[in-house]
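K.L.:
My structure is below; once you've seen it, I'll send some questions.
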Amino acid sequence: VMTMAILIQIDDELYAQAKAAATDGRTAPKQIELWARVGKAALANPDIPATLIWDIIVAGNQPSESFQFME
């Protein structure tokens, strides 16, 4: 997936919230991108709980070697 840097204006409070909420090494811009992806998917799938959408999207962003399978 090719990404392109585009400058957009973000409310200072939203940026601060994203910075505080960012985990797993995400930056504030990546946190906002994640929120946007979850929101977009939630709007497209109103019957699916947003928390489930969040979990699916976050899991899909994890490198496969971070998962351990029990034998």
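Laboratory data are not the source of any read-out in this text; all were calculated from the coordinates shown. Model, not experiment: these values are computed from the prediction. Virtual Cβ from ideal backbone geometry, glycine too; neighbours counted across all protein chains shown.
K.L.:
Mind giving me the nanometre distance, one decimal, between the label points for THR23 and ASP11, set 7 Å out from Cα along Cα→Cβ?
P.N.:
Roughly 2.4 nm, to one decimal.
K.L.:
Follow-up. FRET efficiency for THR51 and THR3, Cβ-Cβ distance as r, R0 = 25 Å, nearest 0.05?
P.N.:
Working: r = 26 Å, r/R0 = 1.06.
After rounding to 0.05, the efficiency reads 0.40.
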